[in-house]
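The values are calculated or read from the model by the stated rules, or taken from the named source; none is laboratory data. Please read all numbers here as calculations on a predicted model, not as lab measurements. A quick note on method: Cβ atoms are made from the backbone with ideal geometry, for glycine too, and the neighbour counts reach across all protein chains shown. Surface accessibility is based on the protein's heavy atoms, side chains included, excluding ligands, DNA and RNA. Shrake-Rupley method; radii C 1.70, N 1.55, O 1.52, S 1.80 Å.
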Amino acid sequence: MEALKITHSPVGPIALGATTKGIATLEILGSSDSRREFSNSVAASKLIDQAANQLDEYFRGSRSEFDLPLDLVGTDFQKAVWQRLLKIGFGKTKSYGEVALEVSKPLAARAVGGAVGANPVPIIVPCHRVMGSTGKLTGYSATGGLETKAKLLKLEGILS
């Protein structure tokens, strides 16, 4: 990681990490987290500032998709799932099974769940838009769990 910045949001403080290639991490922090901001790269710092601005617009309701370079590290399968998540539009949802079909692994809904849970950039890569096959809210690995997922879905008009 070449830069880290803490920004504030309605779901709590968010730590954004970047390399010179793109945003690499987004973590919703707990109240006791004491991370320190740093920057070893002007380019990475500028990317983080862009991400923080776009997140602010998202939370204010004036942005429905992100336009940021990403530097995602994972297996080929995880990357395929994350790329598929980027195609789930604002205010829309998919089931784990639907995502599995879309990555040509129709029997891999559980593996998709694992990849969704390993997403290093939640919100920007919208893993909160993936639901159980019945439309039920299922796990969310970010701090706050299902409560955070519900807040994001409400913001997008998916839940009332």
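Computed over neighbours whose Cβ is under 15 Å from that of A109, the net charge equals +3, Lys and Arg +1, Asp and Glu -1. Of the chymotrypsin sites (Phe, Trp or Tyr not before Pro) found in the stretch 48-103, those that fall in a DSSP loop while having at most 16 other beta-carbon atoms within 10 Å are F90. Average accessible surface for the chain: 52 Å² per residue, computed with a 1.4 Å probe over protein heavy atoms with every protein chain in place.
The angle separating the long axis of helix 42-60 from the principal Cα axis of greatest extent in the chain is about 50 degrees. The angle separating the long axis of helix 76-85 from the principal Cα axis of greatest extent in the chain is about 90 degrees.
Relative to the dominant Cα principal axis of the chain, helix 145-155 is inclined by about 90°. Tally the DSSP beta bridges in the chain and give the antiparallel ones as a percent, rounded to 5. The antiparallel proportion sits near 75 percent. Taken as Cα centroids, the stretch 110-124 and the stretch 30-85 sit 14 Å apart, rounded to the nearest whole angstrom. Over the chain, DSSP H runs of length four or greater, each weighted -39,500 (n - 2.57), average out per residue to a 222 nm ellipticity of -10500 deg cm²/dmol. Under 5 Å from the amide H of A24 lie the amide H atoms of G17, A18, T19, D71, each residue being 5 or more positions distant or on a separate chain, with H modelled from the backbone and absent for Pro and chain starts. The slack between L146 and H8, meaning 0.36 nm per residue of separation minus the straight C-alpha distance, is 47.7 nm.
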